[in-house]
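Take a look at this one; I'll ask things after.
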Amino acid sequence: MKKLFKLRNVLIAIAFTVFLLLVKDNMGTVWGILGNILGILTPFMLGFLIAYILNFPYKFFYTKVFRKMGTKRQFWLSLKKPLSVICTYIIFAAVVAALIGIVVPQIAANVRTLYDNMPKYLQTAYNYVNSVYEFLNTHLHTNFSLDATVAELQSRIMKFVTNLDFTATADATKNVLGVVGNILTNTASGIYTFLMALIISIYFLASKQELCRQVKRLAVAFIPMKHLPRIYEIIDVTDTKCGRFLVGDILDAGLIGILIYIVMSVFHLPYAPMIAVLVGVTNIIPFFGPFIGGIPSALILFLVDPMDMVWFVIILVVIQQLDGNIFKPKIIGNQLGISSFWVLFSVVVGGAMFGLPGFILGTPIYAAIYTLIGKKVRNSIESKGKLAQEALDFDVLNYTKIAEEQKRLRAEKEQEQMEKLKKRLHLSKFLDKAENNGEEDSEADGEEMSEDNGEASVSENKEEKTDRFKKNIR
C-alpha cells in the first residue's frame with residue numbers, strides 16, 4: 001500500500017511537470033484563454049464591486065429606516081428587503097444623473113473654452129518663458145534665445161513631415177481608422193458591460209444572504225474544520241481593511257471635490273467644475289492622488305494667469321491638510337494602521353502589477369496582509385516568552401551583549417526549571433531523609449560499639465571471677 005501511494009505521488013509530480021512545460025510552451029494560448037475567461041467574468045466582478053459598495057446604504061435603509069417595518073404584519077416584512085434595494089438604487093441613480101446632468105455639461109463647456117483660448121494661453125506662456133530667458137541673459141550673462149529654440153523645433157517638425165513615406169502615411173491612416181474603430185467598439189462594449197454589471201449587482205444585493213449561506217456551506221463541506229477560523233479571520237480583516245476603506249475613500253474623494261469647487265467659485269478661479277472633478281476622482285488613489293490631479297490643474301491655471309495657479313496651490317494644500325488630519329480620520333477611521341512608507345510601497349507595487357485597480361486597491365489589500373502577518377508575529381513572540389521580549393529590548397548592533405544576556409537568561413531559566421523539577425519530584429525530602437538515615441546509622445554504629453565494649457568488659461569480669469574461684473578451691 002505504501003509503495004502504491006509513493007507511486008501515485010510520483011505520477012502526480014510527473015503530470016504536474018508536464019502540465020507546466022505545456023503551459024510554458026503555449027503561453028500565448030494560455031493568456032488568450034485567461035483573457036477570454038476574464039472578459040466573461042468582468043460583468044460579474046464589476047457587479048459584485050457595485051453591490052459591495054451599495055451594501056452600506058442598503059444596510060442603512062434595512063436596519064435604520066425600515067427597522068420597525070413588519071413587526072406586526074408579515075406582509076410588510078416581506079416588503080422590507082425590496083424597498084431597501086429600491087431606495088438604494090434610487091440614490092445611486094440620482095447621484096449618477098447629477099454627475100451626468102450637472103457636472104458633465106460644465107466640464108464640456110470648460111474643455112471647449114480651454115480649447116478656444118489655447119492659442120492665447122500659449123502666447124502668454126511664450127511671453128513668460130521669454131521674460132525668464134531675458135532675466136537669465138541679463139543677470140547671469142547667458143546666451144539663451146527662445147526664438148532660436150522655437151525655430152529649431154519647427155525645423156525638426158518640418159523635416160520629420162517631409163521625410164514621411166506616403167505609403168507609410170496611408171498605412172498610418174488605416175491604423176488611425178482602426179484605432180478609432182477600436183475606440184468605438186470598446187466604448188460600446190464598456191457601456192454594455194456596465195449595464196450588465198448594474199443588473200447583476202441588483203441580484204447580488206437582493207440575494208446576498210442566500211449567497212453567503214451557500215458559500216459557507218461549501219466552505220464547511222470542503223475545508224477542514226481546523227482551518228475555518230483562520231479563513232473567517234482573513235475574510236473579516238479583508239472586509240474591514242478593503243471594503244470600509246474603499247467606501248470611505250470614495251466619500252472622502254467626493255467631499256474633497258465639492259470643497260474644491262466651492263472654494264474655487266468663491267475666489268472666482270476659472271475651470272472650477274473640471275478641476276474639482278479631476279482632483280476629486282484622483283484623490284481616491286492614496287499618496288499620489290493629490291499630485292496626479294493637482295499638477296495638471298495647476299498647469300492649466302498657469303496658462304490662464306500665474307496668480308490663479310498660486311491661489312489654487314494654496315487652496316489645494318490647505319484642503320489636503322484638513323482632509324488628512326480631520327476629514328479622512330473621521331470618515332475612514334484608522335482602517336489602515338500602516339506607515340506612510342508602506343502606503344507608498346503598496347501604491348507603487350500595486351500600480352506596477354495591476355494598473356489603475358492596483359493603485360486604488362493596493363493599499364487596503366496590503367493593509368490586510370500587514371495586519372494578518374503582524375498578528376502572527378505577535379503570537380510567535382509571545383510564545384517564545386521572556387527571552388524573546390528581552391531580545392527585543394536590546395539594540396540590534398550590540399549583538400555581543402545580546403548573546404551574553406541570552407546566555408544568562410538561559411542559565412537562569414535552566415536553574416528555575418531544575419528547582420521546579422526538584423519540587424515536583426520531592427528530591428529535597430529524599431536528600432534530607434538520606435542525611436537523617438546516615439546520622440542514625442552513625443549513632444547505631446556507636447551504640448553497637450559501646451555494646452560490644454560492654455560485652456567485652458562483662459566477659460572479662462566473668463573470667464576474673466572464675467580464676468578467683470579456682471584459687472580458693474585449691
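The values are calculated or read from the model by the stated rules, or taken from the named source; none is laboratory data. Bear in mind that the values here come from a model prediction, so they are computed numbers and not experimental data. In this analysis, Cβ positions are derived from the backbone assuming ideal geometry, glycine residues included, and neighbour counts consider all displayed protein chains. Heavy atoms of the whole protein, side chains included, go into the accessibility calculation; ligands, DNA and RNA do not. Shrake-Rupley method; radii C 1.70, N 1.55, O 1.52, S 1.80 Å.
Considering only protein heavy atoms, what is the solvent-accessible area of CYS87 at a probe of 1.4 Å, reported in Å² to the nearest 10?
The value for CYS87 is about 40 Å².
How much solvent-accessible surface does TYR370 expose, in Å² to the nearest 10, with a 1.4 Å probe and all protein chains in place?
Counting only protein heavy atoms, the figure is 90 Å².
Let me make sure I get this right: for region 180-262, a, b and c are the square roots of the gyration tensor eigenvalues over alpha carbons, sorted descending. Under 1.5 in a/c it's rounded, otherwise prolate if a/b > b/c, else oblate. Which is it?
It is oblate, given that a/c is not under 1.5 and a/b is not larger than b/c.
Please state the shape class of region 237-290: rounded when a/c is under 1.5, otherwise prolate if a/b exceeds b/c and oblate if not, all from the C-alpha gyration tensor.
prolate
Also, I was wondering about something else. Could you check the spin-label model distance between ILE40 and TYR115? Points 7 Å from the Cα along Cα→Cβ, value in nm.
4.1 nm
Expressed as a whole percentage, what fraction of the accessible surface of region 229-291 belongs to carbon and sulfur atoms when a 1.4 Å probe is rolled over the protein heavy atoms?
Heavy-atom surface of region 229-291 belonging to carbon and sulfur, 1.4 Å probe: 79 percent.
Could you list, in their original order, any pairs among LYS81/LYS226; LYS64/LYS208; LYS72/LYS216; LYS59/LYS226; LYS80/LYS208; LYS80/LYS328 whose Cα atoms are separated by more than 24 Å?
Going by Cα-Cα distance, LYS81/LYS226; LYS72/LYS216; LYS59/LYS226; LYS80/LYS328 fall outside the 24 Å limit.
Give me the 1.4 Å probe accessible area per residue for region 32-159, excluding ligands and nucleic acids, in Å².
Value for region 32-159: 73 Å² per residue.
Please give the solvent-accessible surface of ILE360 in Å², to the nearest 10, using a probe radius of 1.4 Å with every protein chain present.
40 Å²
Further question on the same structure: Measuring from label point to label point, each 7 Å out along Cα→Cβ, what is the ALA93 to ALA148 span in nm?
Placing both labels 7 Å beyond Cα along the Cβ direction yields 6.7 nm.
Tell me the Kirkwood hydrodynamic radius of region 257-359 in angstroms, computed as one over the mean inverse distance between distinct C-alpha pairs.
For region 257-359, inverting the mean 1/r across all distinct Cα pairs yields 14.6 Å.
Where Rh is the Kirkwood radius over the Cα pairs of region 209-317, the temperature 25 °C and the viscosity 0.890 mPa s, what D in µm²/s does Stokes-Einstein return?
The diffusion coefficient I find is 147 µm²/s.
Another question about this same structure. Using a 1.4 angstrom probe on heavy atoms only, work out the carbon and sulfur share of the accessible area of region 71-138 in %.
71 percent
For q = 0.17, 0.21 Å⁻¹, what log10 I(q)/I(0) does region 1-122 give under the Debye formula with an equal point scatterer on each alpha carbon and no solvent?
Here log10 of I(q) over I(0) equals -0.99, -1.15.
So if R0 is 30 Å, what FRET efficiency would VAL266 and LEU122 give, r being the distance between their Cβ atoms, rounded to the nearest 0.05?
Efficiency computed from Cβ-Cβ geometry: 0.55.
How much FRET efficiency would the formula 1/(1 + (r/R0)^6) give for LYS413 and LYS375, where r is the Cβ-Cβ distance and R0 is 30 Å, rounded to 0.05?
0.70
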